[in-house]
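The values are calculated or read from the model by the stated rules, or taken from the named source; none is laboratory data. Since we're looking at a predicted model, the values are computed, not measured. Using ideal geometry, Cβ is built from the backbone for each residue, glycine included, and neighbour counts are taken over all protein chains shown.
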């Protein structure tokens, strides 16, 4: 079984600009897209091979067939972070948006996450911690580790275990803290994660 570090694999092809704003206050900011650029397909052969090998290794096995970079920044990227990767992943059955944001420390991660909940979506609605709401009409999954946030979106319901493994093998040093899973047209459920097991937070 081969396990690749996504930090090593992704470092060579695309790192979004680091935020220079050091304001750690939790503020509600108007939630709108920075720009409207189309996803850009990764062309470099060596880079593609390494990324495909990571996503399709035995431990992850997402069966990715095409990878595009999404150049636009999202609302959560308005808050200080170290680096981020925003991808559009295409498999035989699904089209998946996958955003990974890495932070300098746990405080920066918490600041971004709580601001994200304070002003979620186009209507900037406030969501309480562990509140069972519908984040999107489609499949939505959010995974937090000590120093990273991972957001997965798809028109179809996905196997959450595959994406948990994707995060586990990409950020082995940072343990997963909790996970939000929302199936299509349903309300989200919150889970803690320990010893490879999910426990629903009710």
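Flag: residue 62 does not match the condition of being in contact with a strand residue (DSSP E or B) (Cβ under 7 Å, 6 or more places away or on another chain) and either surrounded by fewer than 14 Cβ atoms within 10 Å (Cβ to Cβ) or in a strand (DSSP E or B) (or both).
Residue 90 - would you say it is without any contact (Cβ under 8 Å) to a residue 40 or more places away in the chain, within 17 Å of the chain's Cα centre (by Cα) and not in a helix (DSSP H, G or I)? Spelling it out, residue 90 is indeed without any contact (Cβ under 8 Å) to a residue 40 or more places away in the chain, within 17 Å of the chain's Cα centre (by Cα) and not in a helix (DSSP H, G or I). For residue 96, the criteria (1) under 18 Å from residue 158 (Cα atoms); (2) under 18 Å from the mean Cα position of the chain (by Cα); (3) at pLDDT below 70 hold in every case but one, which is (3). Any residue in region 49-59 that is over 25 Å from residue 178 (Cα atoms), touching a helix residue (DSSP H, G or I) at 6+ places or on another chain (Cβ under 7 Å) and at pLDDT 50 or above? Checked against the condition, which is being over 25 Å from residue 178 (Cα atoms), touching a helix residue (DSSP H, G or I) at 6+ places or on another chain (Cβ under 7 Å) and at pLDDT 50 or above, region 49-59 yields at least one hit. Screening residue 127 with (1) in contact with a strand residue (DSSP E or B) (Cβ under 9 Å, 6 or more places away or on another chain); (2) closer than 21 Å to residue 191 by Cα; (3) in contact (Cβ under 8 Å) with a residue 12 or more places away in the chain gives one miss only, at (3).
Kindly check whether there is at least one residue in region 114-126 that is under 21 Å from residue 169 (Cβ atoms) and more than 16 Å from the chain's Cα centre (by Cα). The answer is no; no qualifying residue exists.
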